[in-house]
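Structure first, commentary second.
The values are calculated or read from the model by the stated rules, or taken from the named source; none is laboratory data. Only a predicted model underlies this, so the values are computations on that prediction, with no experimental measurement involved. All Cβ positions, glycine included, derive from the backbone under ideal geometry; neighbour counts span all protein chains shown.
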Amino acid sequence: MIEVINTLLSKYDVPVVTMGDYNAVAHASSSKFFLENSGLERAVSWDIDHIYYGNGFEKVNGGTIENDQARYASDHFSIFADLKVKKAS
């Protein structure tokens, strides 16, 4: 995945967002390796679910939806990130 992200960032210069169940908590060595080598930033994490974003965005807000409906909808709480597209310079 890191190779694909780095290709998108360098060869095509496109904004990148990736999210999902990474099967690793934020403080795990694999999560740290991903951040150090992908060129992305973490928008939000909850347990093993993460949202990462690249250069073309800035984080406005992010968090976890924890309510009764979310508790029964999945074995994961929903996470969200409000990202703003940066203006080209």
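At-a-glance table
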quantity	calculated
Some residue of the stretch 41-48 being out of contact with any Ser or Thr (no Cβ under 8 Å at 6 or more places or on another chain), β-branched (Val, Ile, Thr) and within 21 Å of residue 5 (Cβ to Cβ)	yes
Failed condition for residue 88, given (1) within 16 Å of residue 2 (Cα to Cα); (2) not in a strand (DSSP E or B); (3) not aromatic (Phe, Trp, Tyr)	(1)
Residue match in the stretch 74-81 (condition: exposed (fewer than 15 other Cβ atoms within 10 Å of the Cβ), closer than 19 Å to residue 4 by Cα and either out of contact with any strand residue (DSSP E or B) (no Cβ under 7 Å at 6 or more places or on another chain) or not β-branched (Val, Ile, Thr) (or both))	no
Single condition residue 43 does not satisfy, out of (1) crowded, with 18+ Cβ neighbours inside 10 Å; (2) modelled with pLDDT of 95 or more; (3) in a helix (DSSP H, G or I); (4) of a type outside the set (Phe, Trp, Tyr)	(3)
Qualifying residue in the stretch 61-73 (condition: under 21 Å from residue 88 (Cβ atoms) and touching a strand residue (DSSP E or B) at 6+ places or on another chain (Cβ under 6 Å))	no
Tabulated pairs, the stretch 64-89, first within 15 Å of residue 44 (Cβ to Cβ), second surrounded by 13 or more Cβ atoms within 10 Å (Cβ to Cβ) and aromatic (Phe, Trp, Tyr), C-beta under 6 angstrom, 6+ apart or interchain	64/46; 64/77; 66/77; 70/77; 77/46; 79/46; 83/53; 83/57
Search result, residues across the stretch 42-54 that are closer than 20 Å to residue 11 by Cβ and without any contact (Cβ under 8 Å) to a residue 40 or more places away in the chain	52, 53
Subset of the stretch 14-40 [of a type in the set (A, V, I, L, M, F, W, C) and either touching a residue at least 12 places away in the same chain (Cβ under 8 Å) or buried (at least 19 other Cβ atoms within 10 Å of the Cβ) (or both)]	14, 16, 17, 19, 24, 25, 26, 34, 35, 40
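So that you can scan it fast, the table gives a plain yes or no per residue for (1) part of a helix (DSSP H, G or I); (2) modelled with pLDDT of 90 or more; (3) β-branched (Val, Ile, Thr):
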| residue | (1), (2), (3) |
| --- | --- |
| 14 | no, no, yes |
| 24 | no, yes, no |
| 33 | yes, yes, no |
| 50 | no, yes, no |
| 62 | no, yes, no |
| 71 | yes, no, no |
